[in-house]
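Participant: Mind looking over this structure? Questions follow.
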Amino acid sequence: MLVLGIETSCDETAAAVVRDGRTILSSIISSQIRLHRPYGGVVPELASREHLEKIEQVVSTALSEASISLEEVDAIAVTQGPGLVGALLVGVSYAKALSFGLNIPLIGVNHIEGHVFSVVFDNPKIVFPTLALIVSGGHTNIFFVPESGRYRLVSRTRDDAAGEAFDKVAKMLGLGYPGGPIIERIAQDGDAKAVRFTKAKISDGRPDLSFSGLKTAVAKYMKENAIDPVGGGHATQELCDLAASFQASVVDALVSTLERLALELTPRSLIVAGGVACNLKLQDESRKMADSLGIPVYFPSKHLSTDNAAMIAAAGYFHLSSGRVSDENITADVTLRLQNDGITEPTGAGKRPRYRV
Ligand code: KG4
Ligand code: ZN
(Lines give C-alpha, C1' and ligand atoms only; values in the text may rest on other atoms or scores of the structure.)
(Ligands and ions follow the chains in the order given, each with its own letter.)
Protein backbone atom coordinates (compact mmCIF):
# COMPACT_ATOMS: atom_id res chain seq x y z
CA MET A 1 0.00 0.00 0.00
CA LEU A 2 1.56 3.30 -1.11
CA VAL A 3 0.62 6.44 0.79
CA LEU A 4 1.57 9.91 -0.41
CA GLY A 5 2.06 12.19 2.60
CA ILE A 6 1.78 15.98 2.36
CA GLU A 7 2.83 18.42 5.10
CA THR A 8 2.50 22.22 4.95
CA SER A 9 1.56 23.19 8.52
CA CYS A 10 4.36 25.66 9.17
CA ASP A 11 7.56 26.47 7.28
CA GLU A 12 8.37 23.25 5.45
CA THR A 13 6.70 22.13 2.24
CA ALA A 14 7.06 18.38 2.36
CA ALA A 15 5.89 15.31 0.46
CA ALA A 16 6.81 11.66 0.92
CA VAL A 17 5.90 8.24 -0.41
CA VAL A 18 5.74 5.52 2.25
CA ARG A 19 5.07 1.82 1.69
CA ASP A 20 2.90 0.01 4.24
CA GLY A 21 3.44 2.72 6.84
CA ARG A 22 7.08 1.74 7.46
CA THR A 23 9.30 2.01 4.39
CA ILE A 24 10.18 5.45 3.12
CA LEU A 25 10.50 5.43 -0.68
CA SER A 26 11.07 9.18 -0.79
CA SER A 27 10.89 12.15 1.57
CA ILE A 28 11.25 15.62 0.09
CA ILE A 29 11.44 18.71 2.29
CA SER A 30 11.61 22.21 0.92
CA SER A 31 12.58 24.34 3.89
CA GLN A 32 11.63 28.01 4.14
CA ILE A 33 14.19 28.75 6.84
CA ARG A 34 16.14 31.17 4.62
CA LEU A 35 12.97 33.06 3.73
CA HIS A 36 12.01 33.63 7.37
CA ARG A 37 15.50 34.07 8.83
CA PRO A 38 15.64 37.88 8.46
CA TYR A 39 12.50 38.13 10.64
CA GLY A 40 13.72 35.74 13.35
CA GLY A 41 10.53 33.67 13.10
CA VAL A 42 7.94 32.37 10.68
CA VAL A 43 5.92 35.05 8.87
CA PRO A 44 2.57 33.35 8.14
CA GLU A 45 1.77 35.20 4.88
CA LEU A 46 5.18 34.46 3.42
CA ALA A 47 4.84 30.83 4.48
CA SER A 48 1.54 30.24 2.65
CA ARG A 49 2.76 31.93 -0.50
CA GLU A 50 5.90 29.82 -0.53
CA HIS A 51 3.92 26.60 0.04
CA LEU A 52 1.77 27.49 -2.96
CA GLU A 53 4.82 28.00 -5.10
CA LYS A 54 6.57 24.83 -4.01
CA ILE A 55 3.92 22.18 -3.47
CA GLU A 56 3.57 20.96 -7.05
CA GLN A 57 7.32 20.56 -7.47
CA VAL A 58 7.80 18.90 -4.08
CA VAL A 59 5.05 16.33 -4.74
CA SER A 60 6.32 15.51 -8.21
CA THR A 61 9.90 15.10 -6.92
CA ALA A 62 8.62 12.78 -4.17
CA LEU A 63 6.89 10.63 -6.80
CA SER A 64 9.86 10.54 -9.16
CA GLU A 65 12.34 9.75 -6.36
CA ALA A 66 10.06 6.90 -5.31
CA SER A 67 9.96 5.81 -8.97
CA ILE A 68 6.19 5.70 -9.05
CA SER A 69 3.50 7.47 -11.02
CA LEU A 70 0.59 9.34 -9.47
CA GLU A 71 -1.74 6.52 -10.54
CA GLU A 72 0.13 4.06 -8.33
CA VAL A 73 -0.63 6.02 -5.15
CA ASP A 74 -3.24 4.18 -3.03
CA ALA A 75 -4.11 6.98 -0.59
CA ILE A 76 -3.15 10.51 0.39
CA ALA A 77 -2.44 11.65 3.95
CA VAL A 78 -2.29 15.37 4.65
CA THR A 79 -1.66 17.46 7.75
CA GLN A 80 -5.02 18.91 8.73
CA GLY A 81 -3.84 20.84 11.80
CA PRO A 82 -2.73 22.30 14.11
CA GLY A 83 -0.63 24.91 12.36
CA LEU A 84 -0.86 28.17 10.47
CA VAL A 85 -4.21 28.41 8.72
CA GLY A 86 -2.98 29.74 5.37
CA ALA A 87 -0.15 27.22 5.30
CA LEU A 88 -2.39 24.27 6.19
CA LEU A 89 -4.96 25.28 3.57
CA VAL A 90 -2.42 24.93 0.77
CA GLY A 91 -1.69 21.29 1.65
CA VAL A 92 -5.28 20.34 2.43
CA SER A 93 -6.70 21.90 -0.77
CA TYR A 94 -4.00 20.33 -2.89
CA ALA A 95 -4.47 16.90 -1.31
CA LYS A 96 -8.25 17.12 -1.62
CA ALA A 97 -8.07 17.95 -5.31
CA LEU A 98 -5.59 15.14 -5.91
CA SER A 99 -7.61 12.51 -4.06
CA PHE A 100 -10.79 13.62 -5.84
CA GLY A 101 -9.09 13.51 -9.24
CA LEU A 102 -7.55 10.10 -8.60
CA ASN A 103 -10.58 8.79 -6.71
CA ILE A 104 -8.49 7.49 -3.81
CA PRO A 105 -8.96 7.92 -0.02
CA LEU A 106 -7.79 11.05 1.77
CA ILE A 107 -6.79 10.98 5.43
CA GLY A 108 -6.48 14.19 7.45
CA VAL A 109 -3.69 13.76 9.99
CA ASN A 110 -3.03 15.61 13.21
CA HIS A 111 0.47 17.07 12.95
CA ILE A 112 1.32 16.09 16.53
CA GLU A 113 0.25 12.51 15.90
CA GLY A 114 2.56 12.66 12.88
CA HIS A 115 5.47 13.43 15.21
CA VAL A 116 4.51 10.40 17.35
CA PHE A 117 4.66 8.21 14.22
CA SER A 118 8.06 9.65 13.22
CA VAL A 119 9.74 7.00 15.39
CA VAL A 120 8.29 3.99 13.54
CA PHE A 121 10.90 4.02 10.79
CA ASP A 122 14.25 3.57 12.50
CA ASN A 123 13.36 1.79 15.72
CA PRO A 124 12.22 -1.65 16.82
CA LYS A 125 8.46 -2.11 17.06
CA ILE A 126 7.08 0.22 19.72
CA VAL A 127 6.01 -1.51 22.92
CA PHE A 128 2.81 -0.16 24.43
CA PRO A 129 1.80 1.50 26.61
CA THR A 130 4.24 4.26 25.77
CA LEU A 131 4.73 7.79 27.03
CA ALA A 132 5.41 10.28 24.22
CA LEU A 133 7.05 13.66 24.68
CA ILE A 134 6.41 15.76 21.57
CA VAL A 135 8.65 18.76 21.73
CA SER A 136 8.92 21.23 18.87
CA GLY A 137 8.70 24.90 17.96
CA GLY A 138 4.92 24.87 18.21
CA HIS A 139 4.21 22.17 20.79
CA THR A 140 5.37 20.69 24.05
CA ASN A 141 3.08 17.90 25.16
CA ILE A 142 3.35 14.53 26.83
CA PHE A 143 0.82 11.86 25.88
CA PHE A 144 0.15 8.54 27.51
CA VAL A 145 -0.45 6.15 24.60
CA PRO A 146 -2.01 2.84 25.71
CA GLU A 147 -2.05 1.58 22.12
CA SER A 148 -1.45 2.97 18.65
CA GLY A 149 -3.90 5.77 17.89
CA ARG A 150 -5.13 6.41 21.45
CA TYR A 151 -3.78 9.42 23.30
CA ARG A 152 -4.24 10.88 26.75
CA LEU A 153 -2.70 14.31 27.22
CA VAL A 154 -0.91 14.15 30.57
CA SER A 155 1.33 17.22 30.40
CA ARG A 156 1.58 20.37 28.34
CA THR A 157 3.36 23.67 28.41
CA ARG A 158 1.40 26.46 30.03
CA ASP A 159 3.04 29.08 27.80
CA ASP A 160 5.87 28.79 25.27
CA ALA A 161 6.83 25.57 23.54
CA ALA A 162 10.39 24.43 24.31
CA GLY A 163 11.54 25.01 20.71
CA GLU A 164 9.99 28.47 20.80
CA ALA A 165 12.04 29.20 23.95
CA PHE A 166 15.20 28.06 22.14
CA ASP A 167 14.32 30.35 19.21
CA LYS A 168 13.51 33.36 21.39
CA VAL A 169 16.59 33.00 23.60
CA ALA A 170 18.77 32.60 20.49
CA LYS A 171 17.31 35.86 19.21
CA MET A 172 18.15 37.59 22.52
CA LEU A 173 21.70 36.25 22.39
CA GLY A 174 22.06 37.65 18.87
CA LEU A 175 22.27 34.19 17.32
CA GLY A 176 20.48 33.15 14.12
CA TYR A 177 17.23 31.35 13.39
CA PRO A 178 16.16 28.66 14.13
CA GLY A 179 17.75 28.92 17.54
CA GLY A 180 17.82 25.29 18.73
CA PRO A 181 20.72 23.99 16.65
CA ILE A 182 22.80 27.17 17.20
CA ILE A 183 22.30 27.16 20.96
CA GLU A 184 23.21 23.49 21.05
CA ARG A 185 26.40 24.22 19.08
CA ILE A 186 27.67 27.09 21.23
CA ALA A 187 26.59 25.29 24.41
CA GLN A 188 29.27 22.69 23.66
CA ASP A 189 31.87 25.32 24.58
CA GLY A 190 29.97 26.48 27.66
CA ASP A 191 29.66 25.47 31.29
CA ALA A 192 26.10 24.29 31.98
CA LYS A 193 26.57 25.00 35.70
CA ALA A 194 27.67 28.62 35.17
CA VAL A 195 24.19 30.09 35.66
CA ARG A 196 21.60 28.54 37.96
CA PHE A 197 18.05 29.13 36.82
CA THR A 198 15.24 28.35 39.20
CA LYS A 199 12.84 25.65 38.09
CA ALA A 200 9.41 26.84 36.93
CA LYS A 201 6.75 26.11 39.55
CA ILE A 202 3.29 25.11 38.39
CA SER A 203 1.03 26.46 41.12
CA ASP A 204 -1.58 23.68 41.01
CA GLY A 205 1.12 21.00 41.21
CA ARG A 206 0.17 19.36 37.90
CA PRO A 207 3.04 17.83 35.90
CA ASP A 208 2.90 20.67 33.37
CA LEU A 209 5.75 22.71 31.92
CA SER A 210 6.49 26.40 31.54
CA PHE A 211 9.29 28.11 29.63
CA SER A 212 8.41 31.79 29.47
CA GLY A 213 9.84 32.50 32.95
CA LEU A 214 13.14 30.96 31.90
CA LYS A 215 13.25 33.17 28.83
CA THR A 216 12.69 36.23 31.04
CA ALA A 217 15.37 35.01 33.48
CA VAL A 218 17.88 34.83 30.60
CA ALA A 219 17.01 38.41 29.58
CA LYS A 220 17.36 39.57 33.19
CA TYR A 221 20.70 37.82 33.60
CA MET A 222 22.03 39.48 30.43
CA LYS A 223 20.93 42.90 31.64
CA GLU A 224 22.25 42.53 35.19
CA ASN A 225 25.61 41.23 34.00
CA ALA A 226 25.84 43.64 31.07
CA ILE A 227 26.19 40.77 28.58
CA ASP A 228 25.94 41.89 24.98
CA PRO A 229 24.46 39.74 22.23
CA VAL A 230 26.80 38.32 19.61
CA GLY A 231 27.67 41.10 17.19
CA GLY A 232 28.71 39.29 14.03
CA GLY A 233 31.80 37.62 15.54
CA HIS A 234 32.21 34.55 17.72
CA ALA A 235 30.11 33.97 20.83
CA THR A 236 31.97 35.01 23.99
CA GLN A 237 32.59 32.52 26.80
CA GLU A 238 29.87 34.26 28.81
CA LEU A 239 27.33 33.68 26.02
CA CYS A 240 28.39 30.03 25.60
CA ASP A 241 27.97 29.51 29.38
CA LEU A 242 24.56 31.16 29.28
CA ALA A 243 23.48 29.03 26.29
CA ALA A 244 24.68 25.84 28.02
CA SER A 245 22.92 26.74 31.27
CA PHE A 246 19.69 27.60 29.45
CA GLN A 247 19.80 24.36 27.46
CA ALA A 248 20.47 22.32 30.62
CA SER A 249 17.51 23.96 32.29
CA VAL A 250 15.11 23.18 29.41
CA VAL A 251 16.37 19.59 29.19
CA ASP A 252 16.08 19.12 32.94
CA ALA A 253 12.48 20.39 32.94
CA LEU A 254 11.51 18.07 30.08
CA VAL A 255 13.28 14.97 31.35
CA SER A 256 12.26 15.34 35.00
CA THR A 257 8.61 15.80 33.99
CA LEU A 258 8.79 12.78 31.70
CA GLU A 259 10.37 10.77 34.52
CA ARG A 260 7.75 11.87 37.05
CA LEU A 261 4.99 10.73 34.69
CA ALA A 262 6.79 7.51 33.80
CA LEU A 263 7.03 6.60 37.49
CA GLU A 264 3.34 7.32 37.92
CA LEU A 265 1.98 5.70 34.75
CA THR A 266 4.55 2.87 34.32
CA PRO A 267 4.73 2.81 30.50
CA ARG A 268 6.79 0.07 28.84
CA SER A 269 8.63 2.55 26.60
CA LEU A 270 9.21 6.24 25.95
CA ILE A 271 9.10 8.35 22.78
CA VAL A 272 10.86 11.69 22.42
CA ALA A 273 10.04 13.35 19.08
CA GLY A 274 9.63 16.74 17.37
CA GLY A 275 12.26 19.27 16.27
CA VAL A 276 13.83 19.65 19.73
CA ALA A 277 14.41 15.87 19.84
CA CYS A 278 17.42 16.57 17.56
CA ASN A 279 19.11 17.98 20.64
CA LEU A 280 21.80 15.54 21.76
CA LYS A 281 21.76 16.71 25.36
CA LEU A 282 18.01 15.95 25.49
CA GLN A 283 18.67 12.55 23.90
CA ASP A 284 21.46 11.73 26.37
CA GLU A 285 19.48 12.72 29.45
CA SER A 286 16.32 10.93 28.23
CA ARG A 287 18.33 7.79 27.53
CA LYS A 288 19.93 7.88 31.00
CA MET A 289 16.53 8.29 32.60
CA ALA A 290 14.96 5.50 30.51
CA ASP A 291 17.91 3.22 31.37
CA SER A 292 17.37 3.88 35.04
CA LEU A 293 13.74 2.81 34.61
CA GLY A 294 14.76 -0.19 32.53
CA ILE A 295 12.65 0.74 29.49
CA PRO A 296 13.60 1.70 25.91
CA VAL A 297 13.33 5.23 24.55
CA TYR A 298 12.71 5.85 20.85
CA PHE A 299 13.89 8.92 18.94
CA PRO A 300 13.27 9.70 15.29
CA SER A 301 16.39 9.93 13.17
CA LYS A 302 17.50 13.53 12.60
CA HIS A 303 15.78 14.11 9.24
CA LEU A 304 12.51 12.83 10.71
CA SER A 305 12.65 14.95 13.89
CA THR A 306 11.77 18.24 12.26
CA ASP A 307 8.69 18.58 10.10
CA ASN A 308 8.42 16.07 7.27
CA ALA A 309 5.75 14.24 5.30
CA ALA A 310 6.93 10.66 5.90
CA MET A 311 5.59 10.82 9.47
CA ILE A 312 2.26 12.13 8.13
CA ALA A 313 2.07 9.25 5.63
CA ALA A 314 2.83 6.74 8.43
CA ALA A 315 0.07 8.13 10.65
CA GLY A 316 -2.28 8.24 7.64
CA TYR A 317 -1.54 4.59 6.83
CA PHE A 318 -2.40 3.62 10.40
CA HIS A 319 -5.81 5.34 10.18
CA LEU A 320 -6.48 3.92 6.74
CA SER A 321 -5.71 0.41 8.01
CA SER A 322 -8.16 1.02 10.86
CA GLY A 323 -10.83 2.12 8.36
CA ARG A 324 -10.77 5.82 9.23
CA VAL A 325 -10.69 8.15 6.24
CA SER A 326 -11.78 11.76 5.83
CA ASP A 327 -14.77 12.86 3.79
CA GLU A 328 -14.96 15.60 1.17
CA ASN A 329 -15.78 18.21 3.82
CA ILE A 330 -12.32 18.04 5.37
CA THR A 331 -10.73 21.43 5.88
CA ALA A 332 -7.71 22.88 7.64
CA ASP A 333 -8.16 23.10 11.40
CA VAL A 334 -5.76 25.39 13.26
CA THR A 335 -6.86 24.14 16.67
CA LEU A 336 -7.07 20.43 15.94
CA ARG A 337 -6.40 18.51 19.12
CA LEU A 338 -5.33 14.96 19.77
CA GLN A 339 -8.08 13.46 21.87
CA ASN A 340 -8.04 10.58 24.29
CA ASP A 341 -9.55 8.14 21.85
CA GLY A 342 -7.40 9.21 18.93
CA ILE A 343 -10.26 10.91 17.12
CA THR A 344 -9.32 14.47 16.40
CA GLU A 345 -11.77 17.24 17.06
CA PRO A 346 -11.56 21.02 17.02
CA THR A 347 -11.28 22.67 20.42
CA GLY A 348 -12.11 26.21 19.38
CA ALA A 349 -10.58 28.34 22.06
CA GLY A 350 -7.32 29.02 23.72
CA LYS A 351 -4.74 28.16 21.07
CA ARG A 352 -2.30 30.84 20.06
CA PRO A 353 -0.71 30.96 16.63
CA ARG A 354 2.41 28.79 16.66
CA TYR A 355 4.88 31.56 16.03
CA ARG A 356 4.82 35.26 16.53
CA VAL A 357 7.43 37.49 15.05
O1 KG4 B 1 9.15 19.97 14.61
P2 KG4 B 1 9.65 21.25 14.07
O3 KG4 B 1 10.41 21.22 12.76
O4 KG4 B 1 8.49 22.27 13.83
C5 KG4 B 1 7.38 22.39 14.63
O6 KG4 B 1 6.44 21.54 14.50
O7 KG4 B 1 7.39 23.32 15.45
O8 KG4 B 1 10.55 21.93 15.22
C9 KG4 B 1 11.27 23.10 15.02
C10 KG4 B 1 11.86 23.53 16.36
C11 KG4 B 1 12.50 24.91 16.34
O12 KG4 B 1 12.01 25.66 17.42
C13 KG4 B 1 13.99 24.61 16.52
O14 KG4 B 1 14.70 25.64 17.20
C15 KG4 B 1 13.95 23.34 17.34
O16 KG4 B 1 12.87 22.61 16.79
N17 KG4 B 1 15.19 22.59 17.20
C18 KG4 B 1 16.05 22.36 18.22
C19 KG4 B 1 17.16 21.66 17.68
N20 KG4 B 1 16.92 21.47 16.34
C21 KG4 B 1 15.71 22.04 16.07
N22 KG4 B 1 15.98 22.69 19.52
C23 KG4 B 1 17.02 22.33 20.30
N24 KG4 B 1 18.12 21.69 19.86
C25 KG4 B 1 18.23 21.33 18.56
N26 KG4 B 1 19.31 20.70 18.12
ZN1 ZN C 1 6.24 19.77 13.89
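The values are calculated or read from the model by the stated rules, or taken from the named source; none is laboratory data. Note that this is a predicted model, so its numbers are computed, not measured. We place every Cβ from the backbone using ideal geometry, glycine too, and count neighbours over all the protein chains shown. Areas reflect the complete protein model, heavy atoms only, side chains present, ligands, DNA and RNA absent. Shrake-Rupley method; radii C 1.70, N 1.55, O 1.52, S 1.80 Å.
Participant: Note down the net charge around D74, summing +1 for each Lys or Arg and -1 for each Asp or Glu among other residues with Cβ under 14 Å from its Cβ.
Facilitator: Counting the neighbours of D74, the net charge comes to -2.
Participant: Magnitude of the Cβ-charge dipole of the chain, K/R +1 and D/E -1, about the Cα centre, nearest 20 debye?
Facilitator: The calculation lands at about 880 debye.
Participant: Further question: Per-residue accessible area for F128 at 1.4 Å probe radius, Å² rounded to 10?
Facilitator: Answer for F128: close to 60 Å² accessible.
Participant: Sticking with this structure for a sec: Please state the equivalent ellipsoid semi-axes for region 130-299: what are the square roots of 5 times the Cα gyration tensor eigenvalues, largest first, in whole Å?
Facilitator: 29, 16, 14
Participant: Then there is this: Quick one: ranking I126, I112 by accessible area, 1.4 Å probe, largest first, what do you get? Please report the intermediate quantities before stating the final value.
Facilitator: Working: I126 35, I112 10 Å².
Listed by decreasing accessible area, they come as I126, I112.
Participant: Among DSSP bridges having both ends in the chain, what percentage is antiparallel? Round to the nearest 5.
Facilitator: Working: 26 of 43 bridges.
Antiparallel bridges: around 60 percent, rounded to the nearest 5.
Participant: Looking at the chain, which longest stretch skips every one of the GluC sites (Glu not before Pro) that is in a DSSP loop with at most 11 other Cβ atoms within 10 Å, leaving the sites themselves out? Before the final figure, lay out the partial values.
Facilitator: Values: sites that count: E147, E328.
With a cap of 11 other Cβ atoms within 10 Å, the longest stretch comes to 148-327.
Participant: So, for region 130-299, what is the accessible surface per residue at a probe of 1.4 Å, expressed in square angstrom? Write out the running numbers ahead of the final one.
Facilitator: Working: 7380 Å² over 170 residues.
On a per-residue basis, region 130-299 sits at 43 Å².
Participant: Going Cα to Cα from K54, which aspartates and glutamates come in below 13 Å? Please leave out same-chain ones fewer than 8 positions away.
Facilitator: Cross-link targets: E7, D11, E12.
Participant: Ordering K220, K193 by accessible area with a probe of 1.4 Å, largest first, what comes out?
Facilitator: Working: K220 120, K193 145 Å².
Output order, biggest surface exposure first: K193, K220.
Participant: In addition: What per residue convex hull volume, in Å³, do the alpha-carbon atoms of region 38-125 yield? Write down the numbers at each step before the final one.
Facilitator: Numbers: hull volume 12.4 nm³, N = 88.
Taking only Cα atoms, region 38-125 has a hull volume of 141 Å³ per residue.
Participant: Would you mind computing Rg(Cα) / (2.2 N^0.38 Å) for the chain, counting N as its residues?
Facilitator: 0.97
Participant: A follow-up question, please. What FRET efficiency comes out for S69 versus R49 if R0 is 22 angstrom and r is the Cβ-Cβ distance? Round to the nearest 0.05. Kindly include the intermediate steps, with their values, before the conclusion.
Facilitator: Working: r = 29 Å, r/R0 = 1.31.
Calculated transfer efficiency: 0.15.
Participant: What part of the accessible area of the chain, given as a whole %, is carbon or sulfur when the probe is 1.4 angstrom? Display every interim value, and only then the final one.
Facilitator: On the way: 7880 of 15510 Å².
In the chain, the share of accessible area belonging to carbon and sulfur is 51 percent.
Participant: Going Cα to Cα from K199, which lysines come in below 29 Å? Please leave out same-chain ones fewer than 8 positions away.
Facilitator: Straight-distance partners of K199: K168, K171, K215, K220, K223, K281, K288, K302, K351.
Participant: Heavy atoms only, 1.4 Å probe, whole protein assembly: order K223, K281 by accessible area, highest first.
Facilitator: So the residues, ranked largest to smallest area, are K223, K281.
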